[in-house]
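Just below is one structure, and these are the notes that go with it.
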Amino acid sequence: MQSTDHLGGTPDHSPDDEQGRNLLDRLILRIGNLLSLLFIFTVAISFYEIVMRYIFNAPTMWVHESASFIGGSLFVVGGAYALANNKHVRVVLIYDQVSERTRHYLNIFHHLAGLAFTGMLVYGAWEITYSSWVTPFGDIRLETSGSAWDPAFPSLLKAVILVVVCIMFIQFLLHLINEVSRLKALTHRGRHHV
Amino acid sequence: MFDLSSLGIGLGSLAMLVLLIGLLLTGMQLAFVTGLVALIFTLGWFGVDALPLVTSRMYSFVNGYVFLAVPMFVLMAALLDRSGIAVDLFDAMKKAARKIRGGVAVQTLVVAVILASMSGVIGGETVLLGILALPQMLRLGYNRKLAIGTTCAGGALGTMMPPSIVLIIYGMTASVSIGDLFKAAFLPAAILALFYVAYVLIRCWMDPSLAPLPSDEMQKEDDAKQTNYFKALFFPGLTVAIVLGSIYTGVASVTEASALGVVGIMLSALIRGELNVQMLKDSAKSTMQTCGMIMWIGIGASALVGVYNLMGGIDFVESVILSLSNGHVMGTVLIMMVILLILGMFLDWVGVALLTMPIFVPIIVGLGLDPIWFGVVFCLNMQVSFLSPPFGPAAFYLKSVAPKDISLGEIFSALLPFIALQIIVLALVIAFPQLSLWWK
Amino acid sequence: ADFTFKIQSSDPSGDKNYQVQQEWADRVEALSGGRLDIELLPVGSVVKHTETLDAIKMGILDGHVTATGYFSGKDPAFGLIGNTVGAWSDTSQLLQYINYGGGYQVMTDLYAPYGVKFVGGSTTGVESFVSKVPLNGVEDLKGLKLRAPEGLVQQVFAAAGASPVNLPGSEVFTGLSKGVIDAADYTVFSTNQKAGMNDVATHPVQPGFHSLPLIDISVSQKKWDKLPADLQEILTVSVRDFAQDITTQLRIADQLAVKEAQANPEITIHDWSAQERKKFRAIAQSQWEIYAQKSPNAEKVYNSISTYLKENGLL
Ligand code: NA
Ligand code: NA
């Protein structure tokens, strides 16, 4: 057995992983590709800021905060994106040496751990989002940055985090179901061969 | 539910370390390991109510303006890769490099130093070199490990050579002059780069097979190709001038200068007739990919640091250091170095800086040592952390753009000699503080 | 200790401010005979400085020592009371308002809904204004590219004709040295001098004219309620002493740093005339009313401060 892409997950499934292994993953990749164009937009507005500041001596008050918000949101989305095509970094010292069956078991453990991880994140993200959207008096007021421009980016970024960790929870769930069925198929195949 | 806090901070620290390493070895994604351990300890130590601590740190981490420089440099490198600029540049340099054994590796380091004096982060730079230099050396049949190590260690110089985000964060945390830190870091950075060059030349001199000179055929092929030197050197030169110029003449902050770099590359590609929508789309896509991977590792580490601080890790580490060294000056420094090197194996530099500097700097100042010198020493330690496994950001950055058949394991083993060189320079700066403070 | 409070500061541990805060924490332990232990944590060590209010509410932290203005995004009222630009000429005026002029009740009411108990207020001192170009009056602010933190400050500078830029603290030094900005609202003179700000921006205005931040020490209401009355009293009194301690210590440090800067031929300290200061205060005061309309709480803060100023003949 050859193991190739250590950055990605299981070598035997890597072609699927590239495209996403289910509908949700593929959807995330498509949306992620679309959103990634915002990186170029960020470059454009940062350039605009420099031009305005140096040529027209009129710095904007919105570029800096907008760029931080867009960048921050994309970093968060990138987590679901890299989960969809299985590109999160692993230490593969042992992972690559074990049998295919053991690797399935390891993957099941990773997906379960991922469910615990994102499950707790959903709770935490809900708490910080709620307190940035609802005042202690119960009114809806989006937390702002407090600058002279005062956009609602802090509360929006917290909401982005909440949405993304919810999506990642579902991703892990679907991956778990998929992994279990693969293990079953492997066991089935094994029984016929032996 | 088992109350972890009954372990006490000593056993708690140990349990955290064991859990961390255990999970890492199962092959679980690094970003999720640190994040999960952070959540487990938050839950077990402080209870359910404290869980938002982790998401709050996640929010703060991704919201940092300075990190915007990372996608900018990644985007710049991705665009560079898809234009013919990089290939032309290296082709043009080929004639000068082919006379020397290991010439391309030396050239890579020269380019790395130039890039390092433009950028203050390591990500974009490592990626850039991984795209520019590594394939070139592999094509010439260079020893793979030498080629990989040169690329990665060279890329990491980005935060050693001023300007440097590591020094800026250190300066903010330790409340010392960032300008002084920049001055102090320059010579040690140059020494480190020279050590790399010397290492490459000596190894190639001892074993010429490590770096084959291009065959006559290849040389003829090159000569026949008729490089357009103006085209090859003008556009990269223009881009370098834009980025360098914007930082040093003061047109822009580091983040903005990186945006200017992207615009520079786009303009060059446009003039060369290479710019198209597909190229922009592909570059943006790969930026999303790389950033998602890197930033989530940062998120996990940052969360872990926050929880550990709340557990009382700060006081614990301080008391351990002082009791181990018995107040002996050099002993204290050495213990700190060991702690930094070990933490650097598992955490990102932001985490290490936030975790240790609040404890270390007051001790250093109390011992009568210079915090500027210590900033340089810290920065050198972080050079090691970029390369040391299992969490070596420079290796991950390189991996994200290296040919598929280069494994993370191969990258890390290629980095070992370069880590040794870094530790030698670190020892030199500790033994001879004048190397960083000569200008005072 | 019977009670342990984990309190996060908004200062890095290397700062003078942090050291004085640490001395306060140690003093509380001594005063309480070891029954109350305050574990001080540096800025960002648990949560970001703008998130401590939420963190106390959720039970992550037990308290904070921070600039109240950092919570402007939650309620503009915090921005107005956190740095009432143009209201106070020196530290004693602000402390008098907080401790004896109605400020204590205002802060208590503002924090109560978050489950946070305001223990007491302090300040750092009149901040110096960091500048690369000579500034001798309000007129010189026109078109000046400067960095200012969130809150009322930015709005006041904009009204004075300057161009406020939003730059994080970590980019101020490079921003100044590279000319991204001409000037910055940063912190007190001694800290600026130590950080080398005056070496890259050699025309500091000292004493400054623009900023006197409210620093508050607050704790979780739940944990406060569990304290016996004597410990509550010890905590309250110790914070009142802390305010005197930190403002005095910073004033001494500032005086020394000013001497050091005066001896440096590269640095020129500018001191605005009473008339110019008055002009700037007038501009600032014109912004209070506008800012006060941003929330009902901001309105309350505005009424409280302007009543106090009028009664004491400070307007
Ligand atoms: Na650099
Ligand atoms: Na490392």
Breaking point among (1) more than 16 Å from ligand 1 (Cβ to nearest atom); (2) in a helix (DSSP H, G or I); (3) among the hydrophobic types (A, V, I, L, M, F, W, C); (4) more than 14 Å from every other protein chain (Cβ to nearest Cβ), for residue B:129: (1)
Candidate set from the stretch B:1-26 (those that are part of a helix (DSSP H, G or I) and within 14 Å of chain A (Cβ to nearest Cβ)); member that is surrounded by the fewest Cβ atoms within 10 Å (Cβ to Cβ): B:22
Qualifying residue in the stretch B:319-329 (condition: open to solvent by less than 30 Å² (accessible area, probe 1.4 Å), more than 16 Å from ligand 2 (Cβ to nearest atom) and in a helix (DSSP H, G or I)): yes
Filter result for residue B:336 (crowded, with 19+ Cβ neighbours inside 10 Å, within 14 Å of chain C (Cβ to nearest Cβ) and in contact with a Ser or Thr (Cβ under 8 Å, 6 or more places away or on another chain)): no
Single residue of C:94, C:61, C:110 found to be in contact (Cβ under 8 Å) with a residue 40 or more places away in the chain and not in a helix (DSSP H, G or I): C:61
Residue match in the stretch A:135-150 (condition: touching a Phe, Trp or Tyr at 6+ places or on another chain (Cβ under 9 Å), under 30 Å from residue B:408 (Cα atoms) and charged (D, E, K, R)): no
Residue within the stretch B:395-402 that is crowded, with 19+ Cβ neighbours inside 10 Å, within 16 Å of residue B:342 (Cα to Cα) and more than 16 Å from ligand 2 (Cβ to nearest atom) present: no
Subset of the stretch C:14-37 (residues that are within 14 Å of chain B (Cβ to nearest Cβ) and either closer than 30 Å to residue B:299 by Cβ or open to solvent by 20 Å² or more (accessible area, probe 1.4 Å) (or both)): C:14, C:15, C:16, C:17, C:18, C:19, C:21, C:22, C:23, C:26, C:29, C:37
Leading residue by the ranking (most open to solvent (accessible area, probe 1.4 Å)) among those in the stretch A:87-100 that are under 22 Å from residue A:18 (Cα atoms) and more than 7 Å from chain B (Cβ to nearest Cβ): A:100
Residues satisfying the stated conditions in the stretch B:368-391, i.e. in contact (Cβ under 8 Å) with a residue 60 or more places away in the chain and either more than 17 Å from residue B:176 (Cα to Cα) or within 16 Å of ligand 1 (Cβ to nearest atom) (or both): B:375, B:376, B:378, B:379, B:380, B:382, B:383, B:386, B:387, B:390, B:391
Count of residues meeting criterion [more than 7 Å from every other protein chain (Cβ to nearest Cβ) and either more than 20 Å from residue C:220 (Cα to Cα) or buried (at least 24 other Cβ atoms within 10 Å of the Cβ) (or both)] in the stretch B:38-56: 5
Positions within the stretch B:408-439 being more than 10 Å from ligand 2 (Cβ to nearest atom), open to solvent by 20 Å² or more (accessible area, probe 1.4 Å) and within 14 Å of chain A (Cβ to nearest Cβ), in sequence order: B:409, B:410, B:413
Matching residues, the stretch C:62-92, being hydroxyl-bearing (Ser, Thr, Tyr) and more than 9 Å from chain A (Cβ to nearest Cβ): C:66, C:68, C:84, C:89, C:91, C:92
Test: residue in the stretch B:387-397 that is in a helix (DSSP H, G or I) and more than 14 Å from every other protein chain (Cβ to nearest Cβ): yes
All positions within the stretch A:84-143 that are under 18 Å from residue B:37 (Cα atoms) and either without any contact (Cβ under 8 Å) to a residue 24 or more places away in the chain or aromatic (Phe, Trp, Tyr) (or both): A:88, A:91, A:106, A:109, A:110, A:113, A:116, A:117, A:120, A:123, A:124
Count of residues meeting criterion [more than 10 Å from chain A (Cβ to nearest Cβ) and surrounded by fewer than 24 Cβ atoms within 10 Å (Cβ to Cβ)] in the stretch C:49-61: 2
Residue match in the stretch B:159-172 (condition: within 16 Å of ligand 1 (Cβ to nearest atom), without any contact (Cβ under 8 Å) to a residue 24 or more places away in the chain and buried (at least 24 other Cβ atoms within 10 Å of the Cβ)): no
Leading residue by the ranking (surrounded by the fewest Cβ atoms within 10 Å (Cβ to Cβ)) among those in the stretch A:103-147 that are acidic (Asp, Glu) and within 9 Å of chain C (Cβ to nearest Cβ): A:127
Residues being open to solvent by less than 50 Å² (accessible area, probe 1.4 Å) and either under 20 Å from the mean Cα position of the chain (by Cα) or more than 11 Å from chain B (Cβ to nearest Cβ) (or both) - total across the stretch A:34-58: 6
Failed condition for residue B:362, given (1) within 16 Å of ligand 1 (Cβ to nearest atom); (2) within 14 Å of chain C (Cβ to nearest Cβ); (3) open to solvent by 10 Å² or more (accessible area, probe 1.4 Å): (1)
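The values are calculated or read from the model by the stated rules, or taken from the named source; none is laboratory data. The structure displayed is predicted, hence computed values, not measured ones. No Cβ is skipped: glycine too gets one built from the backbone with ideal geometry, and neighbour counts run over all protein chains shown. Quick note on the areas: whole protein, heavy atoms, side chains included, nothing else; ligands and nucleic acids left out. Shrake-Rupley method; radii C 1.70, N 1.55, O 1.52, S 1.80 Å.
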